[in-house]
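Some notes on the structure that comes next.
The values are calculated or read from the model by the stated rules, or taken from the named source; none is laboratory data. As the structure is a computational prediction, the values presented were derived from the model and not from experiment. All Cβ positions, even for glycine, are placed from backbone atoms using ideal geometry, and neighbour counts span all protein chains on display. Accessible surface is based on the protein model in full, side chains and every heavy atom, while ligands, DNA and RNA are left aside. Shrake-Rupley method; radii C 1.70, N 1.55, O 1.52, S 1.80 Å.
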Amino acid sequence: MHSEYAIETAGLTKIYRSRWMRREIKAVNDISLRVSRGTIFGLLGPNGAGKTTFVKMLLSAVHPTAGNALIFGHNAQEPAARRAVGYLPENHRFPTYFTGAGMLDFYAALSGVESARRKKLIPELLELVGLPQWGAVRLGKYSKGMLQRLGLAQALIHSPSLLVLDEPTDGVDPVGRRQIRDILTRFEEQGVTVFINSHLLAEVETFCREVAILDKGKVALSGTMAELTAGKGYRLTVAKAPDNLVEDLRARATSLSARDGLIDLQFASRELVNEAVDLARAQHCDIEALIPTTSTLEDVFVRTVQK
Amino acid sequence: MTTAALILDTFREAFARKIFWGLFGLSTVMILFFLFLLRIDLVEGGMATLSLFGRTAESMTDVDRVVRGVYGGIATFLYTWGMFLAVFASAGLIPSVLEPGRIGLLLSKPISRTHILLGRYAGNVLVVSCNIIYLVLGVWIILGIKTRIWSPTFLISIATTIFIFAVLLSVVVLVGVLFESAALATMVTVALMIISPILAQTAIMLRLLSSEWSRQLWRTLYYSLPKVYDVGRMTLDAIQSHTFSGYMPIWTSAVFAVVMMGAALFVFSRRDF
């Protein structure tokens, strides 16, 4: 079955019911989402928004209460659908009795990679993630960042078409993060779809092409990164502003905040900020700063989850 | 390929937790015990006397009886202490695979949940089987060489011991999947082992019980629970007197194991991790 989407969910819902109290928690509430093939998609949300439950439903570790999820057009509950998926879970616990190479060999075998191919791929992947000397070392000796990189190699070993990564740079140092980003970019260029669940907004902003923000189990906002961060404007900082001027400026600004005798004002257009500057100068008010701004993903995120 | 990987993983974990080597060490101690304790005097190529545990057999008939007694003793040892050890050793291997951060990754692979659980179960049975085969074959070969009496019926204990372990392991799997507790799984399984010889006194109990419903309850418990004692008794009879009392304990125990594994697979397939 061919589908133009790597991931497609329709009305995906998960309700957790406590066994005795008959209490219900709607972890994921009617999510319909499409992730195009070959994109890098970021799933964001505050703690408890339902991100991990959503990812687990994609990988059939959690059964949906309602709705369905498709991976490349196949029902995600079917084992065959997961053949195309490489997964790096958050808080993974790889058994420490494995060596690095042994762990890769085990998970590759479970993914259906033939023995001869595994022997060839394992050293290549250890090299790719910067652990070429560590293949024979038991995982108990690995640092958190090394385990994360080995986990990424594990997700890549069967040449998946979809990579699902839960906090992929968690515990990794800045050099390692750059390395992981470079690896993922290389796979994106090869047409692999990358689905990242992360709370590191700056990283998602520099790396992802499309984003969805979950809040209280629902998609609160979604779109391309360019669309979501398109909000431009100007930030004006004034000093010694009398009360009547503050009121005039407030009427034109989109936001206002005060700090240490200074007032920060955000304006949506050049015309509005020019009017504000004229008003301030007419009342002999000092202009401390005037800078053009763009809307960061963090601004968008905070606005979305605080609604 | 995936089944082999799951079984190998169970072996790796059994090695790492020293379970395999613990059982292997105990089996070796047992084999060495017979190797050095059993003293045989050979006179002009024939066996004159055999002594073990202070008992001395002088005729060939006596030797045969002593050897069969030894075989019966080992089979009984395997049935009681060996089985306890195997259950204790294996109980942790099922919940460990269900740990958060480990099961999620396993489930993300293109294999069914049934495959994962059965692979783990098979690996666990094989770990214990290797040790049972090593112990029984080792003792059989030592006694055979020393006494020149080769009693193939002793080898039946390999099959019956592995069978009963597989039956009891199905309980470990179900409790492990339900509660993720190795301690609880051990307790329930050991309780079944302890209750088995009591339930086996069915003929006596049915005479002693006064009401029909209590007799019916006793019969239900006896026929539905695994017959650890009965299968052990069957093995002993086969080794010592070459008698066979019927397949009922085998097939009712097998049905019990199938039901337990079926329930475990059902629960495992429906659980969220």
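Here the protein assembly as shown exposes an accessible surface that is 59 percent carbon and sulfur, computed with a 1.4 Å probe and the other protein chains kept in place. Applying the Karplus relation 6.51 cos²θ - 1.76 cosθ + 1.60 with θ = phi - 60° to the range A:286-296 yields 3J(HN,Hα) values of 6, 8, 7, 7, 9, 9, x, 10, 10, 7, 7 Hz, where x marks Gly and Pro.
Note on B:MET205/A:ARG37: beta-carbon distance plugged into 1/(1 + (r/R0)^6) with R0 of 41 Å gives a FRET efficiency of 0.05.
Using alpha carbons only, the radius of gyration of the range B:131-231 set against its Kirkwood radius gives Rg/Rh = 1.12.
Based on DSSP loop calls and a cut-off of at most 12 other Cβ atoms within 10 Å, the longest stretch of chain A free of exposed GluC sites (Glu not before Pro) is what?
A:115-307
Any chance you could give the angle, 0 to 90 degrees and rounded to 10, that helix B:113-147 forms with the longest Cα principal axis of chain B? Around 10 degrees separate the two axes. For chain A, the longest principal axis of the alpha carbon atoms and the long axis of helix A:115-128 meet at an angle near 30°. Across the range A:209-218, rounded Karplus estimates of 3J(HN,Hα) from the backbone phi angles (6.51 cos²θ - 1.76 cosθ + 1.60, θ = phi - 60°) give 8, 10, 9, 10, 10, 9, 8, 6, x, 10 Hz, Gly and Pro being marked x. When the other protein chains are added to the chain by itself, burial of at least 10 square angstrom of heavy-atom accessible area (probe 1.4 Å, ligands and nucleic acids ignored) affects these residues of the range A:47-62: A:LYS56, A:LEU59, A:SER60, A:ALA61, A:VAL62. Summing +1 for each Lys or Arg and -1 for each Asp or Glu among the other residues whose beta-carbon sits under 9 angstrom from that of A:LYS14 gives +1. Contact order for chain A, expressed relative to its length and based on alpha carbon pairs under 8 Å spaced 6+ residues apart, stands at 19 percent.
Summary value for chain B: 24 percent relative contact order, contacts being C-alpha pairs under 8 angstrom separated by 6+ residues. Think of it as helices only: each DSSP H run of n ≥ 4 in chain A is worth -39500 (n - 2.57), and spread over all residues that comes to -10000 deg cm²/dmol at 222 nm. Using only Cα atoms, locate the centre of the range A:205-237 and the centre of the range B:231-248, then give the distance between them in Å, rounded to an integer. Answer, in whole Å: 75. Scanning residues 5 or more positions from A:VAL28 or on other chains, those with amide H under 5 Å from its amide H are A:LYS14, with H placed 1.01 Å from N in the peptide plane. For A:ILE7, the residues 5 or more places off, or on other chains, whose built amide H falls under 5 Å of its own are A:VAL35, A:PHE72. Taking other residues whose beta carbon is less than 15 angstrom from the beta carbon of A:LEU245, and scoring Lys, Arg as +1 and Asp, Glu as -1, yields -4. Charged neighbours of B:GLN240, selected by a Cβ distance under 11 Å, balance to +1 (K, R count +1; D, E count -1).
Counting only protein heavy atoms and a 1.4 Å probe, chain A has 49 square angstrom of accessible area per residue.
Nearest 100 Å², what total accessible surface is buried between chain B and chain A (probe 1.4 Å)? Buried: approximately 2500 Å² between A and B. Accessible surface of A:HIS284, taken over heavy atoms with a 1.4 Å probe and every protein chain present, rounds to 150 Å². Which residues of the range A:88-111 show a drop of at least 20 Å² in accessible area when all protein chains are present, compared with their chain alone (probe radius 1.4 Å, heavy atoms only, ligands and nucleic acids excluded)? SASA drop of 20 Å² or more in the range A:88-111: A:PRO89, A:ARG93, A:PRO95, A:TYR97, A:PHE98, A:PHE106, A:TYR107, A:ALA109, A:LEU110, A:SER111. Our analysis of the range A:230-276 gives Rg over Rh at 0.95, with the two radii drawn from alpha carbon positions and Rh computed by the Kirkwood formula. The residues of the range B:182-273 present an accessible area of 54 Å² per residue when probed at 1.4 Å with all protein chains retained. The trypsin sites (Lys or Arg not before Pro) of the range A:114-200 include none that DSSP puts in a loop with a beta carbon having at most 15 other beta carbons within 10 Å.
Compute the Cα gyration tensor for chain B, then decide on rounded, prolate or oblate, letting a ≥ b ≥ c be the square roots of its eigenvalues: rounded whenever a/c is under 1.5, prolate when a/b is larger than b/c in the other cases, and oblate in all that remain. Judged from the Cα gyration tensor, chain B comes out oblate (a/c at least 1.5, b/c at or above a/b).
With the Cα gyration tensor of the range B:182-224 giving a ≥ b ≥ c as the square roots of its eigenvalues, does the rule (a/c under 1.5 for rounded; else a/b larger than b/c for prolate; else oblate) give rounded, prolate or oblate? Cα axes put the range B:182-224 in the prolate bin. For the range B:163-173, backbone phi angles converted through the Karplus equation (6.51, -1.76, 1.60; θ = phi - 60°) give residue-by-residue couplings of 4, 5, 4, 4, 5, 5, 5, 5, 5, 4, 5 Hz, Gly and Pro being listed as x. Taking the inverse of the mean reciprocal distance over all distinct Cα pairs, the Kirkwood hydrodynamic radius of the protein assembly as shown comes to 29.0 Å. Amide H contacts of A:THR293: A:GLY233, A:TYR234, A:ARG235, each under 5 Å away and 5 or more positions distant or on a separate chain (H built 1.01 Å from N in the peptide plane; Pro and chain starts excluded).
Within the straight-line cut-off of under 12 Å between alpha carbons, the aspartates and glutamates reachable from A:LYS216 are A:ASP30, sequence neighbours fewer than 8 places apart in one chain being disregarded. Relative to the dominant Cα principal axis of chain B, helix B:2-16 is inclined by about 70°. Identify the residues of the range A:253-274 with backbone N under 19 Å of a label point that sits 7 angstrom from the Cα of A:ILE291 along the Cα-to-Cβ direction, or state none. Residues A:254-270, A:273-274 fall inside that zone. When the surface is traced with a 1.4 Å probe over the full set of protein chains, B:TYR247 keeps roughly 150 Å² accessible. The residues of the range B:102-119 occluded by other protein chains by 50 Å² or more of accessible area, set against the chain on its own, are B:ARG102, B:LEU105, B:SER108, B:LYS109, B:PRO110; surface from heavy atoms, 1.4 Å probe.
Rounded to the nearest 500, the helix-only mean residue ellipticity at 222 nm of chain B stands at -24500 deg cm²/dmol, with each DSSP H run of n ≥ 4 adding -39,500 (n - 2.57).
Counting only aspartates and glutamates at least 8 places from B:LYS146 when in the same chain, those with an alpha carbon closer than 16 Å to its own are B:ASP41, B:GLU44, B:GLU58, B:ASP62, B:ASP64.
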